[in-house]
1. Classify chain B from the C-alpha gyration tensor, please: rounded if a/c falls under 1.5, else prolate or oblate depending on whether a/b exceeds b/c.
2. Could you derive backbone 3J(HN,Hα) for region C:262-276 from the dihedral phi with the Karplus parameters 6.51, -1.76 and 1.60 (θ = phi - 60°), listing whole Hz in sequence and x where the residue is Gly or Pro?
3. With contacts defined as alpha carbon pairs under 8 Å and 6 or more residues apart, what's the relative contact order of region A:184-263 in percent?
4. Between A:Ser107 and residues 5 or more places away or on another chain, which pairs have amide H atoms under 5 Å apart, with H built 1.01 Å from N, and which residues are they?
5. Could you give the C-alpha radius of gyration of chain C expressed as a fraction of 2.2 N^0.38 Å, taking N as the number of residues it contains?
6. Can you compute 3J(HN,Hα) from phi for each residue in region A:274-288, using the Karplus curve 6.51 cos²θ - 1.76 cosθ + 1.60 with θ = phi - 60°, rounded to whole Hz and x for Gly and Pro?
7. Under a plain spin-label model, where a point goes 7 Å from the Cα along Cα-to-Cβ, how far apart in nm are A:Glu414 and C:Arg18?
8. Would you order A:Trp527, B:Trp262 from fewest to most other beta-carbon atoms within 10 Å of each residue's own beta-carbon?
Amino acid sequence: MNVFSKLLTSAAIGLAVSVASFAAHAETPDNMLVIAHRIDDVTTIDPAESFEFAGSDISRNVYSRLVNLDPMDLDAGYKPDLAESWEVSEDGRTITFTMREGVTFHSGNPVTAEDAAFSLQRAVILNKTPAFILTQFGFTAENATETIRADGNKLMITTDKKYATSFVLNCLTATIGAVVDKETVMANEVDGDMGNTWLRTNSAGSGPYKLDSWKPNEAVTLSSNPDYYGGAPAMERVIVRHVLESASQRLLLERGDIDIARNLNPEDVAGASEAEGVKIADELKGRLMYLALNQKHPELSKPEVRQAFKHLIDYEGMRDSFLKGQYTIHQNFLPATYLGASDENPFSYDIDKAKELLAAAGVDGLELELGVREAQERIEIAQSFQNAAAQVGITVNITVGTSKQILARYRARELDIYLGAWGPDYPDPQTNAGTFAYNPDNSDEANATGLLAWRNSWDTGGLTEKVAAAVTEGDRDTRVQMYLDIQAQFRETSPFVVMFQQIEQSAMRDDVTNWSTGQAVTSAAYWQVTK
Amino acid sequence: MALTDNKGEGRASLPPWIKTTLLTIGSIAVTMLGLLFITFIIGRVMPIDPVLAIVGERASQSTYDAVFLELGLDKPLIVQFLYYLWDVLHLDFGTSLLNARPVSEDIARVFPATLELATLGIIIGILLGVPLGVVAAVRKGSWIDQIARVLALVGYSMPIFWLGLMGLLIFYGILGWVGGPGRVGIFYVDVVPSVTGLILVDALLDGNWDVFKDAFSHIILPASLLGYFSLAYISRMTRSFMLEQLSAEYVTTARVKGMSEWDVVWKHAFKNIRVQLITVIALSYANLLEGSVLTEIIFSWPGIGSYITTALLSADMNAVLGGTVVVGLIFILLNIFSDLLYRVFDPRAR
Amino acid sequence: MAEQTLREWLLTDTPTSRRHAKLSALYQGWLSFRSNTMAMIGLGILVALVLIAVAAPILSPHDPFVQDLGNRLLPLGTEGHVFGTDSLGRDILSRLIYGARITLYIVALVALIAPVVGLLVGTVSGYAGGWIDVVLMRITDIFLAFPRLVLALAFVAALGAGIENAVLAISLTAWPPYARIARAETLTIRSSDYIAAIRLQGAGALRIITRHIWPLCISSLIVRVTLDMAGIILAAAGLGFLGLGAQPPSPEWGAMISEGRRFILDHWWVATMPGLAIFTVSLAFNLLGDGLRDVLDPKAGE
């Protein structure tokens, strides 16, 4: 407490009247886990459609998948979940899963291979945002019933060519791999939507938790599934309450009104860690913070200019100040902990070097527009960069907007510079390689808005073919080396200034154990948590 | 009212009160139509792409195109507007693009939150503001008058979001006297069945005192804040209305006749200002009901103000339009209500 | 009359010319205004604000944009940073001083745009009457029925964030009351005998509105504008707080509060200082407006 608070406290003691009796003081019940989190990004909880962070948290706990990641042992990679085992055909194109027996959905219906086949087919046919995770294997609405089929206790999926098995299975651990209850879902079908409208706000899973309610921008309430095949979870009720402000989350935590606060800023983490009964857990996440230079801009497309910008970031200054504890310096497109991720960070804050490079490119005095969404840490990174750029004679005008405003312009290739974040979609290197360094058709007409390289009009200088080759390579070590090579070339030639990788700091009450937000590879899990 | 007014044209046309009613309804309809149209246009010229708002950053072009058609964005603007209007006339506000629920369901959830907050706020404002204004007028120039003046001026001048932050810091963070952000403590979420949507009322109906206490501890700070801002306005207006009355001849006469000061002030002067006062209160109430966006944001209050704002910034136009209709309607109705009072009570306006 | 001082000349009961009468009235107004201490305090603060804004480069101890990540979030009273530093290590005092320019800029622009639009709509509506009146007043009603901040938000969201658009948005929400006032005044003036006389002399509608009606509406508008200034400042700060006003690194006060609220628990001054600045300035406008109302429009006041 500082002087100000002390003064106020003493001044206010005289006023302490009956109001005090209204204040809620309570500890959360032993069998209940209460989490403060920003959940305003949840727009749908249909696993075939859901693609936001907070939505993935819900799905992870409500739906089981064929293969899944164990929150207590994430390094092990995918493990059997609803599929007990699997075999790969000789040509490497067909995987046959054997389903676990005796598992039931929350509705009481048994989980069958037919449900699993239906879930994947449904995701492909609905073709919602995350569908690309499956369709990249050649599944289409037309061939879905042949390429994904159930036979008794077996599920067979056949890809259009041979891929690394780990790549296919990693994709199935994503939210879109969730197995839904066919009977329940189809009972709620409206106008041939395969239950999409209903599943957006309801659930039909077999996971450790059942969804009680989701109130947008308010709260998500889950209760434990006593019949979960892996054993009923310890926390019988989980409430995820939407709390926007870091300060509010911290106050709630310090007062014992919640168990876990997930969105504290560095200052509040520092403050909360001093509070009694609070501990902090760090997890390295997959999200990267990067700056992208639009190659349509005549000056930004010069190789020296691209390199100069990589020296205009005060990496250490930012990491040690307003990003403290929540971001680590990382200059490669594969997040640390990913297969083949490089840990080389050759660039440092060097104004003179940047000046030299700009002079070599013959650039003198530039005015650029930088788009960034209205999140404080990003605005601050933008301002720090703006400050550095001013020192080499480059004027950067910052345009702040909602994510939707800025994104629309980024996708339309309109911004000079975009400052943003990118999180991997599934735990395989292809997820980032396939967007940062892959762009088969750089023309405007291609409209490949999903590819970061395309958005910045970068033809990748030959990396596209290398990425395509790496994804089909079956040998693990060879594959790792291929990605290392791609990243080395990417660092030196790309118009992307990858700056930081996120560390998620969860602040929680002392008695909470086994908390996992899923590290870089998946989302938060609640069933292993105890208090 | 004007039922005895026979000055109308020779032919026996509609009785005047029907005419007035029809005119009023007509003007409401026109205003609402205008309101909708402007909101609709704003939504369409906004540089936010509603399709992108739904499908997100990673969507492929085919996904994008499918949603584009689904939303009917390929049709001309005016056609889209007419479609929308048709639905609204059937009380269908459409589905929120962002949380896949009917907008009417959303509004039924968020509006009671605002209603509860605004009502408590205006009650505080009236209970404190009116007596303060009256006393300040009676004791013009005294220290009470000065205090009332300062209170009001500070109220007019304070950035509400800043005062809210400070209030939260002091009364919740440091002192712990009140509940934190949100409508109710986490354990009490969904404990009492939602009948009216007003948690305080629902808790009473259910006889659950714990929930009532908890909800009260959450609402008291933001409500006091809003109450303070309406107090500033109400007390100033009360004071100036009262001064006008107190300087009137009938007051002097009453005093000369030896009527007690209490009776002069409350039975005569105050009685004469109540219609004006109700207008002022209706106006403040309307302003609070519009959803005090900033207060709601600071206190994580899931009300209509923050609902419309969030929707607006994410291009969820169905939600914005629905919210605007509700808020606009309330505003207009409260205006008409105070107009009516004027006609009923104020002889000059007849 | 050679002995007459300027003061006596101004206070005369028998003005010798129209100009003399005008000046005399002005002076008497000033005298009664001057005796209002609160209003004088308000005026004093505002004059100081203007001076600060003009002399910002001289007064501010640091460049408001220069960052120093090593010295961020310094507390109040630090050597060289009296009001401390913000998240990027910028001097808060210097930012407040430069922010005064932005505040004045916004206030001045809105005070020019909104009343003028209101005056135009109101006088035309009141003078023309008939269907023009109906249409214009209906439009005014529509804008009045909008939730104000939401309308401003929508407008800024549509045009893009920035000071100029924030000014336009606030003006858009502020003009209807002026139109109502102007229309009411026009209705009273229009039916007066002297306007009838002027009309008989053959003056056109345009001339009557601009030369005879406008000047009479202005004093009540000025009072209203001054009283609204505080509201304008608060609205601008609200937009800034929501990130829709001035863009970074501009030291707009509302945006500064928004940046500082993240540190409210441990570094409360970062959000408090700009909050106090906004409060002081809008209080000054309110004090001034109260005083002006007493002078210019006695019947509306106490």
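1. It comes out oblate by the Cα gyration axes.
2. 5, 9, 4, 7, 10, 10, 4, 5, 4, 8, 6, 4, x, x, 5
3. 17 percent
4. For A:Ser107, whose amide H was placed from the backbone, there are no distant partners under 5 Å.
5. Values: Rg = 23.3 Å, N = 302, 2.2 N^0.38 = 19.3 Å.
Dividing the Cα radius of gyration by 2.2 N^0.38 Å gives 1.21.
6. After applying 6.51 cos²θ - 1.76 cosθ + 1.60, I find 8, 6, 6, x, 10, 10, 10, 10, 9, 9, 6, 9, x, 6, 10 Hz.
7. Calculated label separation equals 5.4 nm.
8. Starting with the residue having the fewest Cβ neighbours, the order is B:Trp262, A:Trp527.
A short reminder: the numbers here are calculations on the coordinates, not readings from a lab. The model shown is predicted, which means the values in this text are computed figures rather than measured ones. So basically every Cβ, Gly included, is an ideal-geometry build from the backbone, and we count neighbours across all protein chains shown.
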